[in-house]
1. Work through the residues other than Val39 whose Cβ is under 12 Å from its Cβ and net out their charges, Lys, Arg +1 and Asp, Glu -1.
2. Kindly express, to the nearest 10 degrees and within the range 0 to 90, the angle between helix 2-25's C-alpha long axis and the longest C-alpha principal axis of the chain.
3. Considering only Glu71, Glu57, Glu24, give the residue with the highest GNM mean-square fluctuation for the chain, with springs between Cα atoms whenever their separation is below 10 Å.
4. Can you check what the net charge comes to around Asn85, using other residues whose Cβ is under 12 Å from the Cβ of Asn85 (Lys, Arg +1; Asp, Glu -1)?
5. In 10 Å bins starting at 0, how do the alpha-carbon pair distances of the stretch 1-50 split up by percent?
6. With Cβ to Cβ distances under 14 Å as the rule, what net charge do the other residues near Arg12 carry (K, R +1; D, E -1)?
7. Specify, per residue and in Å³, the volume enclosed by the convex hull of the alpha carbon atoms belonging to the chain.
8. Under a point spin-label approximation (7 Å from Cα along Cα-to-Cβ), what is the Val49-Lys23 distance to one decimal in nm?
Amino acid sequence: MKDLMSLMKTARDMQKGMKKTQKELSKLCVVGTSLNGKVEITLLCNYKVKDVKINREVQLSAHDIEQGIKEALTEALQKIEKTTNEKMAHLKQGIPSIPGLGF
């Protein structure tokens, strides 16, 4: 019974920590760039788009712009995943491994 109570407390603490971390992540920005900085996409770590910049001084074809957007977005999404994993890593500490939960 004591182990179950301890596990429940750990789960509550983890839930609180997760909410706090999610709030922090919603304020963090990451930037993805492509075409040597001609395309820049800024995302918040809660996957909301903050800004998109395309340098208008350089003549690019529609295809080049589309590719640049894809590359910048992919880079920004990878940065979000890395940042999120780093911020959430502390929540996994002390949690026993439970099959099927991916911890």
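1. Details: positive: Lys38, Lys53, Arg56, Lys70; negative: Glu40, Asp51, Asp64, Glu66, Glu71, Glu75.
Overall, the nearby charge balance is -2.
2. Computed tilt is about 20 degrees.
3. Glu57
4. Details: positive: Lys79, Lys82, Lys87, Lys92; negative: Glu81, Glu86.
Net charge around Asn85: +2.
5. All Cα pairs considered, the percentages come to 23, 28, 21, 16, 9, 4, 0.
6. Details: positive: Lys9, Lys16, Lys19, Lys20; negative: Asp13.
That sum, taken over residues with Cβ under 14 Å, equals +3.
7. Working: hull volume 10.4 nm³, N = 103.
Output value, Cα hull per residue: 101 Å³.
8. Here the modelled spin labels are 2.9 nm apart.
Quick note: the coordinates plus some simple rules give every number you see, no bench work behind them. Note that the structure is a prediction, hence the values are computed from the model and not measured. No Cβ is skipped: glycine too gets one built from the backbone with ideal geometry, and neighbour counts run over all protein chains shown.
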